[in-house]
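Each value in this text was obtained by applying a stated rule to the coordinates, not by laboratory testing. Fair warning: this is a prediction, and the values are worked out from it, not measured in the lab. Quick reminder, even Gly has a Cβ in these numbers, built from the backbone with ideal geometry, and neighbours come from all protein chains shown.
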Amino acid sequence: MSKFVDFDADRGVETYEDMNDGHLQIHYRQDCSPVLDYTKALRNDGLTDKGIKNDLWHYAQIPPVIILEMKFKYGVDVFKKDHLKRVFELLNREYPYLKVTEKMHWLKH
């Protein structure tokens, strides 16, 4: 049974710990439904697409637990500039529901 450790009210992230075969495991949980409702509404409105011509584009809303999942599952750090190509690939392939647009963005390198 996981033991509750902390709740980050600003991000809505709960932290739990487990001991498994003598090893400490940390788990993070977050209710992402408000983020998913938000991204769906923006995607349906298409309003974020208007910034494309001005090089300003709200492309996706990534919750903290997904940032962690990208880092530990795929080795991708959303905060590193040289990882951005992979971030966009993951958003388009694995996390399209986090996008606030139906358009696709690909970085060219």
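In whole Å, what are the extents of the chain along the principal axes defined by its C-alpha atoms, from largest to smallest?
Principal extents (largest minus smallest coordinate, Cα): 53, 31, 20 Å.
Taking the 0 to 90 degree range and rounding to the nearest ten, how far is the long axis of helix 64-74 tilted relative to the main principal axis of the chain, both from C-alpha atoms?
Roughly 90 degrees between the two axes.
Calculate the spin-label point distance for Asn20 paired with Ala41, positioning each point 7 Å from the Cα along the beta-carbon direction, and give it in nanometres.
3.6
Tell me the angle of helix 84-93 to the major Cα principal axis of the chain, expressed in degrees between 0 and 90 and rounded to the nearest ten.
90
With r as the distance between the Cβ atoms of Lys85 and Tyr28 and R0 = 22 Å, compute the FRET efficiency 1/(1 + (r/R0)^6) and round to 0.05.
Working from the Cβ atoms, E equals 0.30.
In degrees between 0 and 90, to the nearest 10, how far off the longest principal axis of the chain does helix 33-45 point, with axes built from Cα atoms?
Between helix and principal axis, roughly 10 degrees.
So what is the calculated 222 nm ellipticity per residue for the chain, using -39500 (n - 2.57) for each DSSP H run with n of 4 or more, over all residues, to the nearest 500 deg cm²/dmol?
The helix-only estimate for the chain comes to -9500 deg cm²/dmol at 222 nm.
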